[in-house]
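Below is one structure, written out as structure tokens; the observations come after it.
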Amino acid sequence: MNIPFVDLKAQYLTIKDEVKEGIDYVLENTMFIGGKPVDDFKRGFEELYGVDHCVPCANGTDAIFIVMKMMGIGAGDEVITTASSWISTSETITQTGAKPVFVDIDDYYTIDTSKIEAAITPNTKAIIPVHLYGQMADMPAIMEIAKKHNLKVIEDCAQSHFSEIDGKRAGLYGDAATFSFYPGKNLGAYGDSGCIITNDGDLAEKCTMYAKHGALVKHHHIIEGINSRLDTIQAAVLNVKLKYILDWTASRQRIAARYDAALQGVGDLVTPKLRANGKHTYHVYAIRTARRDELKEYLKGRGVNTQIHYPNAMPFMPAYDYLNLDKSQYAMAKAHQEQELSLPIYPEMTDEQVDYTVSCLKDFFEA
Ligand SMILES: Cc1ncc(COP(=O)(O)O)c(C=O)c1O
């Protein structure tokens, strides 16, 4: 059997006709920038997600940058974020002129809230938690700290569409949240795209303006901005996918439950630890083992494709040498980068494929 890590083709085949119809509408109307598909996506996402404002933009990286800029974050400021993420979260902090301040992770692989207060200085302006792999950081705790220290909170939801804690969705706790619709994400377009969500109308308007060269009305530039538009063809794809995203999320959860049940007590494997009252949406099904590299090779030999998220946590990247960090502060992130392995998971994955993956894992540890 050959099990891909993700199978975008399998999903495409289930929505092919609708996607072609959506893209055809854009082509036939030569509506290449903005237009109905983008407006429909904005409204559709607001409605489905349960938020007042969605600001579509070009990708999830721009989304984080735009929000920070419009919150006035810049030179001299510090922004606290997690040691374990994709680089977008921290590179955008640097791009604003501010300094990223990394905090180690907890057992759920998200920012360790017990260590945030020690990282706060008079220059701290915001916290950017990342809901890594589809499991939310401890948002009730983060909001309490933010309130106490008068800090802004931007949730990086690139990997956590529709995740929850206490019945409240990722992105609805903080001042604003950002999403990526990169093709492999739980809600993924067929190219780059992203958005910002917020219930703050004033912030939404500023972000909309900044993403459109600083103008809400064409040729009337209130400030200098950037060009960060949601591509109309991507919006057409996303509009189709919005109809199915909740079902696809439920499928991911079913597959994860099958892995969870089958993998208890297998070798030294650690399956994802779930937050009480949380709803994990499994963008990534991350296991841990001391024999990670050996296991990865073995699975590859048996046709099971895996990935590592991520081989280097942020404080260990050459990109952050300039911060002269004390790396001993990031023991959890370091252990994680050495032991993490992401198993195949995607909504169309069959029970047979999951069971085959499990049997390979068991064969490895029982040999
Ligand atoms: C945690 C996280 N933040 C931000 C991003 C950036 O998103 P994009 O690739 O759409 O710029 C990604 C995905 O790539 C991500 O995984």
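The values are calculated or read from the model by the stated rules, or taken from the named source; none is laboratory data. Since we're looking at a predicted model, the values are computed, not measured. A quick note on method: Cβ atoms are made from the backbone with ideal geometry, for glycine too, and the neighbour counts reach across all protein chains shown.
Restricting attention to region 202-221, the residues being within 16 Å of the ligand (Cβ to nearest atom) and either modelled with pLDDT under 95 or outside the structural domain of Thr61 (by TED's automatic domain parsing) (or both) number 0. Taking region 178-201 as the range and being touching a Cys at 6+ places or on another chain (Cβ under 9 Å) and within 11 Å of the ligand (Cβ to nearest atom) as the test, the residues that pass are Thr178, Phe179, Ser180, Phe181, Ser193, Gly194, Cys195. Taking the condition touching a residue at least 24 places away in the same chain (Cβ under 8 Å), surrounded by fewer than 24 Cβ atoms within 10 Å (Cβ to Cβ) and more than 23 Å from Met71 (Cα to Cα), does Pro183 pass? When the stated conditions are applied, Pro183 passes them. Taking the stated definitions as given, is Val101 more than 16 Å from the ligand (Cβ to nearest atom), aliphatic (A, V, I, L, M) and not in a helix (DSSP H, G or I)? Answer is yes for this residue.
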